[in-house]
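Working notes, beginning with the structure itself.
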Amino acid sequence: MIKIKKDIKFGEHVLSFDIGRMAYQADASVLVSLGGTSVLCTVVSSPHLKEDIDFFPLSVHYQEKAFAAGKIPGGFIKREGKPSDRETLISRLIDRPIRPLFPEFFMQETQVICTVLSYDPECDSDIIAILGASCALSISNLPFMGPVGAVKVGYKDGHYILNPKASTDLDLVIAGTKEGILMVESRANQLDEPMMMGALQFGFQAFQPVISLIEEIADTVKSQKIKVDPFPYYQDSIDFIKSHYKKEIESSYTIKIKKERYGALSKIADTAFEACQQQTPVTKSVFHMAFDHVKSSILRGQILKEGRRLDGRSLTDIRPLSSDVGLFERVHGTAFFERGETQVFAATTLGSPADMQTQDGLNGEHKERFMLHYNFPPYSVGEVGRVGAPGRREIGHGYLAHRALLGVMPKITDFPYTVRVVSEVLSCNGSSSMATVCGASLSLMNAGVPISSHVAGIAMGLVQEEGIHCILSDIIGDEDHLGDMDFKVAGTSYGITALQMDIKITSLSFDVIEKALAQAKEGRLHILNHMNNTLSEPKQHISNFAPAIKTITIPKTKIRDVIGSGGKTIREMCDRFQAKIDISEEGIVTITSPSTLIDQVVTTIQNITTDPEIGKIYSGKVTKILDFGAIVAFLGTEGMVHISQIADFRVNEVSDVLKIGQEVTVKVLEIEQKGRIRLSMKINANKPAPSTQELF
């Protein structure tokens, strides 16, 4: 391969594409650099077709190497293991804009691998990986209809920011071609629709020069692209199905219950395949592609020509809604949300700051206080399937819902709990991720988490042919599978908190996106109204089964006193009061304990961290017996009680009155310059002398 190096100004840094230098046995490879971050992007495609498949076997892997940030991996095994959630999410970011740009009949197994070789915290690697994959595919021999450009957009104080370094009111990743947008992923701080449209247009214009540069590189390389022809007997199968089974398929699409409809279509497909094979030697995979094409044309025709959807709704109608909260007493917060045939059970659990999730990446460690996990069991779609660790789809959907709710979560100073929400999809017929947003919002309020407002989500679809388009609100599974767009919008009544868009056509115009956002707002407000009728504000009190948490502030100089030598003091308090105690470097102490004991923990810590005052009375414990008195521990320090100050009567032997471990009440008589403290147990002068039995 010839060697090429091209640079372009990209925000505040220079973006560099280095071709032909590394991994030259791959079909194509590019080393992309921005600032101090470099990502090696490779493409390899198998020359042989897999046997009888009806999908494009594309796999995309983004991987981070610890050495890129000058780190050694943590844990017992000092090497990289399974992909982190971040690696999985960025793999999806790369996959989503490039997948639609391959021809329908291209079925060769293809693998894209993006490896971070050097990492600069000022230049994140996600956008670089997308651009590198786009360039590698463009210079390969694969029939890729790119290039793809991508940028990250922020928003602060009325201005859009290209590839922002710090957190802003918007975190938006946008990818597309010269013609339009292909993919959007974003978190927003309740920004309205015009602001989001402005961000999309800003990002679209920002990546156009990069697309032009990749085209220039591809023109220089001049790879001979693979020619892709339709599969044998594909069109014959379409003609056969239309002529013999079209009416049966149309009849099946009048069945509104998903499971019954799928069953009817499956029987038609099996019968039609056997009949078709008697005329043409078509493979099963090619036939099913043809069958899907016919189904798609029927469904899309009904929408475009008649404005009629599969379940009888208009283009803007939302499916029937149902919700309930507080289903199980022992779970801290619960909600059941149902939209059509999609059902989600959401559970919120409250924990201590010690329960926060530690994320370790190239940027270093950080703590995650709010977690949202999405589970999609196979029974939710009536199937038998693998049950195990969450897959890419589950991680991606959970992250989208997490971002949608993040902006309404309370500050840690207002609500010191660690919060985990788990969404169990019980039944799915489209948009379970947006149902998760709704269910999670209800369960948070039911748990007493003071979120600022409800967040609702809705999935929008599109059918577009020959300049005519129909935007669909609240799409079901068939409309997602056979349509052109899956556009998820989540937000409050004030504005948008998250966007995610994927399309199956080569690009999308801004006019369509603007209409989809406006239509989504109407649907979102309708859903929010239903949610507010179920539960309009957070519960005033958390569950009796949730731990109690209190936060106090102590002087920084007293932190070691609370911890004690080797952690002895804090461990004793944790064991005694069944508590978890977390102390920050700033002296913020967060105490998690059963509600009946938490006040005792607070008092104990305050006693340890309070400086003694002359004339004040304190509780303490005898730690040492001497011939002339006793040492008493109190307020995290110690003082001396002389034998003459033990009682209001003569004490001959200290051990006659006191023993080690005994709790006593003492008064501070004097604090000497060297810090020594004189104490007295003569608190009450009128107290009578104890009897021998009372001494012990």
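The values are calculated or read from the model by the stated rules, or taken from the named source; none is laboratory data. Keep in mind that this is a model prediction, so the values were computed, not measured. Glycine gets a Cβ as well: all are built from the backbone with ideal geometry, and neighbour counts include every protein chain shown.
Residue by residue, here is whether (1) without any contact (Cβ under 8 Å) to a residue 12 or more places away in the chain; (2) at positive phi; (3) not in a helix (DSSP H, G or I) holds:
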| site | (1), (2), (3) |
| --- | --- |
| 469 | no, no, yes |
| 480 | no, no, no |
| 489 | no, no, yes |
| 493 | no, no, yes |
| 502 | no, no, yes |
| 511 | yes, no, no |
| 516 | no, no, no |
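On the basis of being on the phi < 0 side of the Ramachandran plot, surrounded by fewer than 18 Cβ atoms within 10 Å (Cβ to Cβ) and either modelled with pLDDT under 90 or not in a helix (DSSP H, G or I) (or both), does residue 184 make the cut?
Details: on the phi < 0 side of the Ramachandran plot: yes; surrounded by fewer than 18 Cβ atoms within 10 Å (Cβ to Cβ): no; either modelled with pLDDT under 90 or not in a helix (DSSP H, G or I) (or both): yes.
Judged against the criteria, residue 184 is not a match.
Could we say that residue 266 is assigned by TED's automatic domain parsing to the domain that holds residue 238, of a type in the set (Ser, Thr, Tyr), under 37 Å from the mean Cα position of the chain (by Cα) and surrounded by fewer than 15 Cβ atoms within 10 Å (Cβ to Cβ) here? Yes. Is one or more of the residues making up the range 127-148 buried (at least 19 other Cβ atoms within 10 Å of the Cβ), more than 21 Å from residue 221 (Cβ to Cβ), modelled with pLDDT of 95 or more and outside the structural domain of residue 364 (by TED's automatic domain parsing)? Yes, the range 127-148 has at least one match. Inspect all residues belonging to the range 473-482 and state whether any of them is closer than 27 Å to residue 260 by Cα, among the hydroxyl-bearing types (Ser, Thr, Tyr) and buried (at least 22 other Cβ atoms within 10 Å of the Cβ). Yes, the range 473-482 has at least one match.
Within the range 1-58, the set of residues being among the aromatic types (Phe, Trp, Tyr) and without any contact (Cβ under 8 Å) to a residue 60 or more places away in the chain comprises 24, 55, 56.
Considering only helices (runs of 4 or more DSSP H) fully contained in the range 224-315, which possess at least 1 residues that are in contact with a Leu (Cβ under 7 Å, 6 or more places away or on another chain) and in contact (Cβ under 8 Å) with a residue 60 or more places away in the chain?
Values: elements: 234-252, 258-277, 284-306.
The qualifying helices (runs of 4 or more DSSP H) are 284-306.
Quick check on the range 15-25. Is at least one of its residues farther than 19 Å from residue 223 by Cβ and outside any strand (DSSP E or B)? Within the range 15-25, none of the residues are farther than 19 Å from residue 223 by Cβ and outside any strand (DSSP E or B). Scanning the range 166-177 for any residue that is surrounded by fewer than 23 Cβ atoms within 10 Å (Cβ to Cβ) and assigned by TED's automatic domain parsing to the domain that holds residue 58 turns up nothing. Looking across the range 494-546, the residues that are within 30 Å of residue 601 (Cβ to Cβ), surrounded by 14 or more Cβ atoms within 10 Å (Cβ to Cβ) and either among the aromatic types (Phe, Trp, Tyr) or in contact with a helix residue (DSSP H, G or I) (Cβ under 7 Å, 6 or more places away or on another chain) (or both) come down to 538, 539.
Assess whether residue 614 counts as being out of contact with any His (no Cβ under 7 Å at 6 or more places or on another chain) and within 30 Å of residue 545 (Cβ to Cβ). Even if it seems obvious, please write down each step before you answer.
On the way: out of contact with any His (no Cβ under 7 Å at 6 or more places or on another chain): yes; within 30 Å of residue 545 (Cβ to Cβ): no.
So residue 614 does not fit the description; no.
Got a sec? Which of 570, 563, 549, 588 is surrounded by 11 or more Cβ atoms within 10 Å (Cβ to Cβ), in contact with a strand residue (DSSP E or B) (Cβ under 6 Å, 6 or more places away or on another chain) and within 19 Å of residue 634 (Cβ to Cβ)? If you could, list the steps in order and put the result at the bottom.
Values: 563 fails: in contact with a strand residue (DSSP E or B) (Cβ under 6 Å, 6 or more places away or on another chain); 549 fails: within 19 Å of residue 634 (Cβ to Cβ); 588 fails: within 19 Å of residue 634 (Cβ to Cβ).
The match here is 570.
Between 394, 365, the distinction of being surrounded by 11 or more Cβ atoms within 10 Å (Cβ to Cβ) and either on the phi < 0 side of the Ramachandran plot or among the hydroxyl-bearing types (Ser, Thr, Tyr) (or both) belongs to 394 only.
Contact annotation: residue pairs with Cβ atoms under 7 Å, 6 or more positions apart or on different chains, pairing a residue in the range 61-85 that is assigned to a loop (DSSP other than H, G, I, E, B) with a partner that is among the small types (Gly, Ala, Ser), are 72/66; 73/66; 80/66; 84/361.
Taking the range 162-176 as the range and being at pLDDT below 95 and either of a type in the set (Val, Ile, Thr) or more than 26 Å from the chain's Cα centre (by Cα) (or both) as the test, only 168 passes.
Residues are listed down the side, and each one gets a yes or a no for (1) more than 34 Å from the chain's Cα centre (by Cα); (2) modelled with pLDDT of 90 or more; (3) surrounded by 14 or more Cβ atoms within 10 Å (Cβ to Cβ):
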{"residue": "578", "(1), (2), (3)": "no, no, yes"}
{"residue": "582", "(1), (2), (3)": "no, no, yes"}
{"residue": "603", "(1), (2), (3)": "yes, no, no"}
{"residue": "610", "(1), (2), (3)": "yes, no, yes"}
{"residue": "613", "(1), (2), (3)": "yes, no, no"}
{"residue": "616", "(1), (2), (3)": "yes, no, no"}
{"residue": "631", "(1), (2), (3)": "yes, yes, yes"}
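Looking across the range 22-49, the residues that are in contact with a Ser or Thr (Cβ under 8 Å, 6 or more places away or on another chain), under 30 Å from residue 165 (Cβ atoms) and not hydrophobic (A, V, I, L, M, F, W, C) come down to 29, 33, 36, 37, 38, 42. State yes or no: is residue 422 under 19 Å from the mean Cα position of the chain (by Cα), in a strand (DSSP E or B) and surrounded by fewer than 24 Cβ atoms within 10 Å (Cβ to Cβ)? Against the criterion (under 19 Å from the mean Cα position of the chain (by Cα), in a strand (DSSP E or B) and surrounded by fewer than 24 Cβ atoms within 10 Å (Cβ to Cβ)), residue 422 qualifies. Within the range 633-688, can you find the residues that are surrounded by 14 or more Cβ atoms within 10 Å (Cβ to Cβ), among the hydrophobic types (A, V, I, L, M, F, W, C) and not in a strand (DSSP E or B)? Passing the criteria: 635, 643, 646, 647, 651, 654, 657, 658, 681. Identify the residue in the range 392-420 that is among the β-branched types (Val, Ile, Thr) and touching a residue at least 60 places away in the same chain (Cβ under 8 Å) and, among all such residues, is farthest from residue 344 (Cα to Cα). Ranking the qualifying residues of the range 392-420, first place goes to 413. Of the strands (runs of 3 or more DSSP E) contained entirely in the range 341-401, those carrying at least 2 residues that are among the hydroxyl-bearing types (Ser, Thr, Tyr) fall at 342-351. Scanning the range 425-466 for residues that are among the small types (Gly, Ala, Ser) and part of a strand (DSSP E or B) turns up 427, 456, 457, 459, 461.
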